[in-house]
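Before any comments, here is the structure.
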Amino acid sequence: EQRGYEMSNEIMATNVNNELTITDKKLNSYIARIAKATNGMMKNQRTVARLLADIDETKCFERDGFESATDFAVSYYGIKKDYARKLVRIGASYIEKDFSTNLTHDENADFTISQLAALLSAKDQNKVRELCDMGVINPRMTFKAITDVVKQMNGKALTETTEGEEQP
């Protein structure tokens, strides 16, 4: 029985190490197959998030005695409550009806569930959207890089000096 999911451990075809040159044809063929599979997995996760948000929005869980879409997901699928809550929030905030994100992205790379989870903690969602429009936040970034940008936005980043501050 699998109980939960560690979102930051996703294999993402968009975060490949482009500094490596792969010359073996068989390895390149496997890389292409993994890229296709991971893109499918990422879309499937966005689909689950959007559908859970739809369940939350329609309140269709109530008739069967569930308190929320989160409660339904925890009870029915056995996932952790925190993960279920994040999926519902991600689906409602960032996923369109076609299961792509509503954040600026290109056709070859869209945000993963873990990247979107990192954005949930941003205090200013309008600023998140602005930074995506400017490319400061994009689907090719690591979870940690997005988390660092969000921390800066929220004023929690450790800075050695702030602009305008004089050095002692």
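Candidates in region 50-82 are the residues that are part of a helix (DSSP H, G or I), of a type in the set (Val, Ile, Thr) and open to solvent by less than 50 Å² (accessible area, probe 1.4 Å); of these, the one that is modelled with the lowest pLDDT is VAL74.
Scanning region 29-46 for residues that are touching a Phe, Trp or Tyr at 6+ places or on another chain (Cβ under 9 Å) and open to solvent by less than 30 Å² (accessible area, probe 1.4 Å), we see that the one that is nearest to ASP110 (Cα to Cα) is MET42.
Based on this model, can you work out whether THR101 counts as within 30 Å of ALA32 (Cβ to Cβ) and surrounded by 13 or more Cβ atoms within 10 Å (Cβ to Cβ)?
yes
Cβ-Cβ distances below 6 Å connect the following pairs, each with a first residue in region 41-64 that is within 19 Å of ALA117 (Cβ to Cβ), a second residue that is open to solvent by 20 Å² or more (accessible area, probe 1.4 Å) and part of a helix (DSSP H, G or I), and a separation of six or more residues or different chains: ALA53/ALA92. Identify all residues within region 109-131 that are more than 19 Å from LYS43 (Cα to Cα) and either modelled with pLDDT under 90 or in a helix (DSSP H, G or I) (or both); write none if there are none. GLN125, ASN126, LYS127, VAL128, ARG129, GLU130, LEU131, listed by residue number. Restricted to region 1-31, and to residues there that are touching a helix residue (DSSP H, G or I) at 6+ places or on another chain (Cβ under 9 Å), hydrophobic (A, V, I, L, M, F, W, C) and farther than 24 Å from LYS80 by Cβ, the residue that is modelled with the lowest pLDDT is ALA13. In this structure, does ASN154 turn out to be surrounded by fewer than 15 Cβ atoms within 10 Å (Cβ to Cβ) and touching a residue at least 12 places away in the same chain (Cβ under 8 Å)? It is true that ASN154 is surrounded by fewer than 15 Cβ atoms within 10 Å (Cβ to Cβ) and touching a residue at least 12 places away in the same chain (Cβ under 8 Å).
Selection of first residues in region 97-108 that are of a type in the set (D, E, K, R) and in a loop (DSSP other than H, G, I, E, B) and of second residues that are modelled with pLDDT of 90 or more and crowded, with 16+ Cβ neighbours inside 10 Å, restricted to Cβ pairs under 8 Å at least 6 apart or on distinct chains, gives the following pairs, ordered by first then second residue: LYS97/ARG50.
The values are calculated or read from the model by the stated rules, or taken from the named source; none is laboratory data. What you see is a predicted model, and the numbers here were worked out from it, not measured in a lab. No Cβ is skipped: glycine too gets one built from the backbone with ideal geometry, and neighbour counts run over all protein chains shown. Side chains included, ligands, DNA and RNA excluded: accessible areas come from the protein's heavy atoms. Shrake-Rupley method; radii C 1.70, N 1.55, O 1.52, S 1.80 Å.
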